[in-house]
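Note sheet for the following structure.
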Amino acid sequence: MAFFDKPLSELKTYLPEREEPPDFDAFWARTLAGARSHALDPNFTPVDYGLRTVETFDVTFSGYGGQRIKGWLLLPRQREGKLPVVVEYIGYGGGRGFPIDWLTWSSAGYAHLIMDTRGQGSAWSRGDTPDPEADGGNPQFPGFMTRGVLAPETYYYRRVFTDAVRAVEAALAHPAVDPNRVAVTGGSQGGGITLAVAGLSPALLDNAVSAAMPDVPFLCHYRRATEITDSHPYQEIVRFCKVHRDQVETVFRTLSYFDGVNFAARANARTLFSVALMDDICPPSTVFAAYNHYRGPKDIRIYSYNQHEGGQTFQRLEQIQFLA
């Protein structure tokens with residue numbers, strides 16, 4: 001792999017015009033109001049995975065449509081007072097796995113809620129949450145990127161982003177959590193979900209999110225991504241449009257409601273991004289498009305010779321310092 005996107009000097013100033021539907025805010029207000037018509041009903045069931053320094057809880061709460069979403073909550077056993085919380089979202093195809101997969105933030109003294117991603121969790125890490133919602137009946141290319149893509153009301157990520165907002169509300173419902181210190185984070189797909197929640201926080205979460213850490217974020221600047229990379233998952237959109245030639249603009253209209261660039265323009269939480277300049281899965285220009293449009297205080301870590309793995313432990317250390 002070599003550099004294939006814009007040079008770094010251009011990436012730093014890359015500010016493409018946003019493709020934003022006029023009813024973007026109304027769509028999301030209506031979506032979350034519908035979810036909140038169902039009781040959140042968060043349940044935290046203690047589970048024993050043999051961890052002596054961490055308390056673990058099997059979490060269930062109501063997400064989109066009142067459907068029950070799974071997760072984990074990890075708390076340091078030794079704690080005083082309420083804890084800051086990190087709510088984490090998972091990369092494409094992965095599920096919540098097991099509590100022993102997620103020990104960093106509780107070891108650093110934080111409450112840590114990991115949200116399972118509906119319908120996923122069979123590619124590289126097991127999940128436990130189905131996606132029972134009808135997708136509108138349109139054909140889809142295998143994967144999740146074109147599930148229900150012919151209308152924003154039926155698109156898969158409408159449900160996922162709604163679940164993610166409700167995950168923050170579930171975390172806030174636990175008595176160990178300090179409601180004034182909430183961070184959201186995730187890598188790749190999890191980074192795209194992080195941007196969505198950060199963007200919805202000012203208007204629809206009462207500014208509950210105070211810090212956001214999108215790591216090599218996916219789900220940003222879709223149209224450019226499909227034009228410059230041959231890698232999946234963006235290729236799922238390309239393959240769909242290749243067959244459904246008459247639906248291209250319908251597809252991108254739907255995607256505009258779910259673009260991290262549009263969420264970034266609304267987010268005011270302090271943020272730390274990361275980007276890898278040889279990343280052909282989430283191309284650098286798509287990440288910088290979101291970063292440069294980000295409204296709140298921001299910083300970014302750049303990994304010049306890395307692909308989609310990004311900074312890995314180097315970035316986690318940066319995140320720990322950032323939150324501290």
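FYI, it's all coordinate maths here, none of it is from the lab. Please read all numbers here as calculations on a predicted model, not as lab measurements. Glycine also receives a Cβ, built like all others from the backbone with ideal geometry; neighbour counts cover every protein chain displayed.
Go through the stretch 229-243 residue by residue and tally those that are in contact (Cβ under 8 Å) with a residue 24 or more places away in the chain and buried (at least 18 other Cβ atoms within 10 Å of the Cβ).
The total comes to 6.
Given the conditions (1) part of a helix (DSSP H, G or I); (2) at positive phi, and given that residue 207 satisfies all but one, which numbered condition is not satisfied?
Exception for residue 207: condition (1).
Identify, from the list 142, 179, the residue that is of a type outside the set (A, V, I, L, M) and either closer than 30 Å to residue 246 by Cβ or part of a loop (DSSP other than H, G, I, E, B) (or both).
From the options 142, 179, the qualifying one is 142.
Quick one: in the stretch 103-153, of everything that is within 30 Å of residue 248 (Cα to Cα) and among the hydroxyl-bearing types (Ser, Thr, Tyr), which residue is surrounded by the fewest Cβ atoms within 10 Å (Cβ to Cβ)?
Going through the qualifying residues, I end up with 122.
Looking only at residues in the stretch 41-81 that are among the acidic types (Asp, Glu) and either closer than 16 Å to residue 106 by Cα or in contact with a Cys (Cβ under 8 Å, 6 or more places away or on another chain) (or both), which one is surrounded by the fewest Cβ atoms within 10 Å (Cβ to Cβ)?
80
Could you list, in sequence order, the residues of the stretch 145-176 that are under 18 Å from residue 82 (Cα atoms) and in a loop (DSSP other than H, G, I, E, B)?
Correct list: 173, 174, 175, 176.
Is it the case that some residue within the stretch 277-291 is of a type in the set (A, V, I, L, M, F, W, C) and out of contact with any Leu (no Cβ under 9 Å at 6 or more places or on another chain)?
yes
Quick test of your reading of the structure: residue 2 fulfils all but one of (1) closer than 30 Å to residue 304 by Cα; (2) in a strand (DSSP E or B). Name the failing condition by number.
For residue 2, the failing item is (2).
Just one of (1) within 18 Å of residue 218 (Cα to Cα); (2) assigned to a loop (DSSP other than H, G, I, E, B); (3) in contact with a helix residue (DSSP H, G or I) (Cβ under 6 Å, 6 or more places away or on another chain); (4) not acidic (Asp, Glu) trips up residue 117, so point out which.
The single condition residue 117 does not satisfy is (3).
Looking at the stretch 288-324 only, could you name the residues that are in contact with a Phe, Trp or Tyr (Cβ under 7 Å, 6 or more places away or on another chain) and among the aliphatic types (A, V, I, L, M)?
Within the stretch 288-324, 289, 300 qualify.
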